[in-house]
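Heads up: the structure comes next, in structure tokens.
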Amino acid sequence: MEIKNKFNIIQGKFLSQDLNQLQLGNYIHLLDDVPKISLEKLLILYKNNSKGQKNLIDNINFIEFIAKYTQITQKDIKFLDKYISFLESCISLLRLNQLNLEKKKLKTELKIAQERNKSAEISTKITLLNKLNESIKEYNTRLKLFEEDFLPIKNQKKMLEDKLGNLKKTQIEFRKEQKDIFNKINILTREEESQNNDQNEKIETLRKNAKILRDKIDDIKQKIENSQYKLNQNLPKFKEFDKIYHNLKENLEIDKKKMRNLRIELEEVIDLNKLDELTESGLKELSYIRPISLIKSNIDNITNEIIKIESFNQKYFKNKNNLLIKDLKMFKSNLDNFFSNQLEEFDSNELESKIKSLKKLGIWLYKFQKLLNEFLETINLKISIDFFLNLTPNFAKNSQIIINFKRFKEEAIIYDNLTTPEKVFFIICFYLTIESLKNKRNIIFTNLIIPEDYNKKGSIFRTLTKIMPIFNESPDLKEKSLTFLISGFKLTKDIKNVQIYNINNT
């Protein structure tokens, strides 16, 4: 029977085996997964009989390619994490050594500070030491600030002197060259033989060259005068600043010398027998002795930081067998192997091509969600799709799309809590959405795909009446025709614009 109407219903007794071309089994299995739908099942269902999209699932399998890359990348990351861990250990070790040196210096300062309370002479010398330290700091600060003004003047003087020296050197060379030309002219003019034209031309050329040199010499003379003038302008200011600068440096060196001598004097008056060897060596480095309470506070802070670093990696920092050095050498050997053998390169053009396939999947799922919502909005339902992408070599098989349901102006609702009519509506529209996206003009639907508990005549009838206006109005659907194969019961009411056919295949 040839059917030409846009909407047709054929009523009769059908068996699922009679409708194998509709892939009923695939749809029924897919509905068992709702709301978590296997991406592979969905794509297989869409691929069947879909013009221009038969290779979609094959292209999507490129995720296996990315999965392989991900596995290698994860291995690389673990290796680099270990590398960073070694770097952190090395930095911590350097910090530990620095802290231990600071602690030794503080202990020296503490012992000297304790001696200060026992001797007026030591106290006086320490007071002077602290004053010298402050004076040295002040001179260093003043020098640094002064250099900001002095260095440009000094550099300008140096540039002018260099320029003046180069100009004078060039002037000497030009005058020598000019003298040589005059000598040649004199030789030519003193020759006894009568001068011929060739000699006259030579003399004329030499005179022209002499004139060019004279102009150059005059130009250089003017430049020398200008540079000398600028240098003379610079010199008074330079001399003034230079004097101040050298006075500051001289005073700084005087104070440094005083401090060195004062340290020697302290060594002479302090009972070194009471100080340990490390403290004695640190005495020469001290330039300031603070109050005992402040020194002890600094020692406690450094001690706590040392304990924290040592506890972070006891294997390296509490072991005297240089395990860190041994592990670093072994790691370096593995590092060479890693970069030479482990890393793989991927064809960027191939990867770009494959990513375009993933984009096609995203576009298809967007169209799927948009079209299905056009149907569902007629019963105040709406869906959104979340992705659970499993980046493994079995990407399509293990990945899912999760369909979230929501009623308008209400909270989200799970699929199991939908009413029976809502579930029937969703099942039918889910099927029609997939079939519509296959670019098929003629779409066939049967109630055989609806689970028995939901295969209700009233719900199916209401669904058909609600979706037909959408097929008439939607730009993506108005060119399609629908045929509904109803098996197991008859629709007793007429439906507007629908041609109903009854067949008997018994």
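Derivation of every value follows stated rules applied to the coordinates shown; laboratory data play no part. This one's a predicted model, so the numbers in the text were calculated from it and none came from an experiment. Cβ: placed from backbone, ideal geometry, glycine included. Neighbour counts: every protein chain shown.
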* To do: Starting from segment 165-268, pick out the GluC sites (Glu not before Pro) whose DSSP state is loop and whose Cβ has at most 12 other Cβ atoms within 10 Å.
  => Glu191, Glu192, Glu193
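Please identify every one of the GluC sites (Glu not before Pro) in segment 428-479 that sits in a loop by DSSP and has no more than 16 other beta carbons within 10 Å of its own beta carbon.
Counting only loop positions with at most 16 other Cβ atoms within 10 Å, the GluC sites (Glu not before Pro) in segment 428-479 are Glu479.
Relative contact order for segment 95-246: what is it in percent, counting Cα pairs under 8 Å that are at least 6 residues apart?
RCO, segment 95-246: 34 percent.
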* To do: Sort out for me the Cα centre separation of segment 290-307 from segment 245-270, rounded to whole Å.
  => 28 Å
* So which trypsin sites (Lys or Arg not before Pro) in segment 442-506 end up in coil per DSSP with only 14 or fewer other C-beta atoms within 10 Å? -> Lys478, Lys490, Lys493, Lys496
* **Cross-link partners of Lys118 among lysines (Cα-Cα below 16 Å; sequence separation of 8 or more within a chain)** => Lys274
